[in-house]
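Below you'll find the structure, written out as structure tokens, and then a few comments.
The values are calculated or read from the model by the stated rules, or taken from the named source; none is laboratory data. None of these values were measured; they are calculated from a predicted model. Heads up, the Cβs are rebuilt from the backbone with ideal geometry, glycines too, and the neighbour counts pull from every protein chain shown. Heads up: the accessible areas ignore ligands, DNA and RNA and are worked out on the full protein's heavy atoms, side chains in. Shrake-Rupley method; radii C 1.70, N 1.55, O 1.52, S 1.80 Å.
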Amino acid sequence: MKQRVLILHGWGGSDFPHWQSWLAAEVAKDYGCVSFFKFSNFDFPQKDVWMSELAKELEEFKPDIVVCHSIANILWFHICNELKPKDVERLFLVAVPSLACDIEELKSFFPCEIPKNLYAKKSLLITSTNDPYMTQDEASELQKALGIEMKVLENAGHINVSSGYGEWHWILEKIKR
């Protein structure tokens, strides 16, 4: 794999056995170029700090593919709205939380405006029928507002370890294409 893959975790991180850590290992195992970036203070994230860290990583790593999970999606929206990054080839938005999220530890990320440009040549929104952080109606509204394709997983919760997403071969195959 010649493409540079940037994996962005959400609140609390995505260490083993989360699918993001598995994905990073799988990409690296085939001598792929991957950055499984670790944001600071991921249990009590601050939008401005994470934006600064991500802006630096985007500049230095220069990814072709970006894979966001949970609050990292909202961070990507802020990056798009405020910093206008260089376009990536593909963007995966996995388990985006509701734009009406009111979790105390995440309050610095909200409100968040839906970006008019995702700075990606191809984007995919991946949701679940029973994500506790976003209803399917909210996901459909977001998909329409973004104007991108959406893949809906049946009963996949927040698409994390708690809902059985350690090894996730489907996402690996999508990234390899």
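With R₀ set to 25 Å, the beta-carbon distance separating Cys33 from Leu83 gives a calculated FRET efficiency near 0.65. The distance between label points at Lys62 and Thr129 comes to 4.4 nm (points 7 Å beyond Cα on the Cα→Cβ vector).
With every protein chain in place and a 1.4 angstrom probe, the accessible-area ranking of Asp43, Asp64, Asp102, largest first, reads Asp102, Asp43, Asp64.
Counting alpha carbon pairs within less than 8 Å and at least 6 residues apart, what relative contact order, in whole percent, applies to region 84-148?
43
Calculated on C-alpha atoms, the gyration radius of region 56-107 divided by its Kirkwood radius gives an Rg/Rh of 0.99.
Could you rank the peptides 67-77, 152-162 by their average count of other C-beta atoms within 10 Å per residue, with the highest value first? Working shown, then result.
Numbers: 67-77: 25.4, 152-162: 16.5.
In decreasing order of mean packing, 67-77, 152-162 become 67-77, 152-162.
For region 108-177, the extents of the C-alpha atoms along the principal axes are 32, 30, 24 Å, listed from largest to smallest.
Here each label is just a point 7 Å from Cα along the line to Cβ, and for Glu154 and Lys176 those points are 2.5 nm apart.
Normalised by the empirical 2.2 N^0.38 Å for globular proteins, what value does the Cα Rg of region 30-89 take? Can you show the working numbers first?
Working: Rg = 11.5 Å, N = 60, 2.2 N^0.38 = 10.4 Å.
Against the empirical 2.2 N^0.38 Å value, I get 1.11 for region 30-89.
Anything over 28 Å Cα to Cα? Flag those among Lys29/Lys121; Lys2/Lys144; Lys56/Lys116; Lys2/Lys47; Lys121/Lys151; Lys29/Lys84, in the order listed.
On the way: Lys29/Lys121 26 Å; Lys2/Lys144 32 Å; Lys56/Lys116 23 Å; Lys2/Lys47 31 Å; Lys121/Lys151 17 Å; Lys29/Lys84 32 Å.
Result: Lys2/Lys144; Lys2/Lys47; Lys29/Lys84 exceed 28 Å.
The eigenvalues of the Cα gyration tensor, multiplied by 5 and square-rooted, give region 1-106 an equivalent ellipsoid with semi-axes of 22, 16, 12 Å from largest to smallest.
Whole Å is fine, so just give me how far the alpha carbon centre of region 143-170 lies from that of region 67-127. One Cα centre to the other: 15 Å. Here, the chain yields an orientationally averaged convex hull projection of 8.9 nm² when only Cα atoms define the hull.
Ordered by 1.4 Å accessible area with all protein chains kept, Arg90, Arg4 run largest first as Arg4, Arg90.
Would you mind getting the Kirkwood hydrodynamic radius of region 94-143 from its Cα pairs, rounded to one decimal in Å?
Details: mean 1/r = 0.0832 Å⁻¹.
Mean inverse Cα-Cα distance, inverted, gives 12.0 Å.
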